[in-house]
Amino acid sequence: MEKQLDPRRMPAHVAIVMDGNGRWAKGRGLPRAAGHRAGMEALKEIVKRSDVLGIKHLTVYAFSSENWKRSREEVNGIFRLLVVYVEKELAELHANNVRVSILGEWRELPREAVEALERALETTKDNTGLQFHIALNYGARNEIVRAARTLAAQAAEGRIAPEEIDGERFSACLYTAGIPDPDLLIRTSGEERLSNYLLWQCAYSEFVFMDTLWPDFTPERLEEALGEYQRRERRFGGR
């Protein structure tokens, strides 16, 4: 029997790169859109299990700033699915006290997607349960540049001295201001890279790479990753 998870050692923040929708669909002779739909269903179950397990923050990489390079048909399909996801799941998320937040330049998305996200943010803004962060039109390098420009402008205006800039001030200028850094980052599909995701925030995160394609990533697989995390000793550069 597999060892039970220790609730005292549960990561406060889990970040996920949801990879493999396209390969899942291709392997079944289906269009890529079918993979994204299956991935949306997988996400629904992972959010539920994260909430049950007592994870405080869950961040998922839904659409990167590089994903615009994909075909117009696929990109438009992803945004349509985003709207469908909000319409189908918002009431349940709200009933379960989940608070939704968005990381990235999400207001540059198509109008219908922006309006759906605004509904999700407004509806759940006072919820105090699982904090569900969705990275949309997000790129970590852009985020870091944006933070650097903010601090540079503040210094040029005389509001801060350059020597006052430290990691805490820098973190406060990121999309994730006020959110603890991820304890655990999971990437599915067998790929082992960050892909411009939370580069600053994952400096001391534990990484777990899994071969499972995202649509096949079940709550049980999530618990496997959490078990691997709990078997590790985190030293943060110490001994």
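The values are calculated or read from the model by the stated rules, or taken from the named source; none is laboratory data. These numbers were taken from a predicted model, which means no experiment stands behind them. Methodologically, a virtual Cβ is constructed for each residue, glycine included, from the backbone with ideal geometry; neighbour enumeration extends over all protein chains shown. The area values use the complete protein model at the heavy-atom level, side chains included, leaving out ligands, DNA and RNA. Shrake-Rupley method; radii C 1.70, N 1.55, O 1.52, S 1.80 Å.
Considering the range 81-96 alone, what residues qualify as being among the acidic types (Asp, Glu) and either under 16 Å from residue 137 (Cβ atoms) or open to solvent by less than 80 Å² (accessible area, probe 1.4 Å) (or both)?
Of everything in the range 81-96, those that are among the acidic types (Asp, Glu) and either under 16 Å from residue 137 (Cβ atoms) or open to solvent by less than 80 Å² (accessible area, probe 1.4 Å) (or both) turn out to be 89, 92.
If we keep just the residues of the range 25-62 that are among the β-branched types (Val, Ile, Thr) and assigned to a helix (DSSP H, G or I), which is farthest from the chain's Cα centre (by Cα)?
Top of the filtered list is 52.
As an exercise: evaluate residue 160 against (1) open to solvent by less than 70 Å² (accessible area, probe 1.4 Å); (2) assigned to a helix (DSSP H, G or I); (3) touching a helix residue (DSSP H, G or I) at 6+ places or on another chain (Cβ under 8 Å) and give the number of the one condition it does not meet.
(2)
Looking only at the range 1-24, how many residues end up being free of Cβ contacts under 8 Å to residues at least 24 places away in the same chain, assigned to a helix (DSSP H, G or I) and open to solvent by 20 Å² or more (accessible area, probe 1.4 Å)?
Residues that pass the stated criteria total 1.
Within the range 28-55, which residues are open to solvent by 20 Å² or more (accessible area, probe 1.4 Å) and without any contact (Cβ under 8 Å) to a residue 12 or more places away in the chain?
Answer for the range 28-55, where residues must be open to solvent by 20 Å² or more (accessible area, probe 1.4 Å) and without any contact (Cβ under 8 Å) to a residue 12 or more places away in the chain: 28, 29, 30, 31, 52.
Here's the yes/no breakdown for (1) open to solvent by 70 Å² or more (accessible area, probe 1.4 Å); (2) not in a helix (DSSP H, G or I):
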| position | (1), (2) |
| --- | --- |
| 143 | no, no |
| 146 | yes, no |
| 155 | no, no |
| 173 | no, yes |
| 176 | no, yes |
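Could you identify the single residue in 78, 134 that is among the β-branched types (Val, Ile, Thr), over 20 Å from residue 200 (Cβ atoms) and buried (at least 20 other Cβ atoms within 10 Å of the Cβ)?
Only one candidate qualifies: 78.
Of everything in the range 89-100, what is in a helix (DSSP H, G or I) and free of Cβ contacts under 8 Å to residues at least 40 places away in the same chain? Give them in sequence order.
Of everything in the range 89-100, those that are in a helix (DSSP H, G or I) and free of Cβ contacts under 8 Å to residues at least 40 places away in the same chain turn out to be 90, 91, 92, 94, 95.
What single numbered condition from (1) over 30 Å from residue 230 (Cβ atoms); (2) basic (Lys, Arg); (3) touching a strand residue (DSSP E or B) at 6+ places or on another chain (Cβ under 6 Å) fails to hold for residue 141?
Failed condition: (3).
Across the range 101-131, what is the total count of residues that are part of a strand (DSSP E or B) and open to solvent by less than 10 Å² (accessible area, probe 1.4 Å)?
1
I'm checking my understanding of the structure. Among residues of the range 188-225 that are part of a strand (DSSP E or B) and not charged (D, E, K, R), which one is surrounded by the most Cβ atoms within 10 Å (Cβ to Cβ)?
By that ranking, first place goes to 208.
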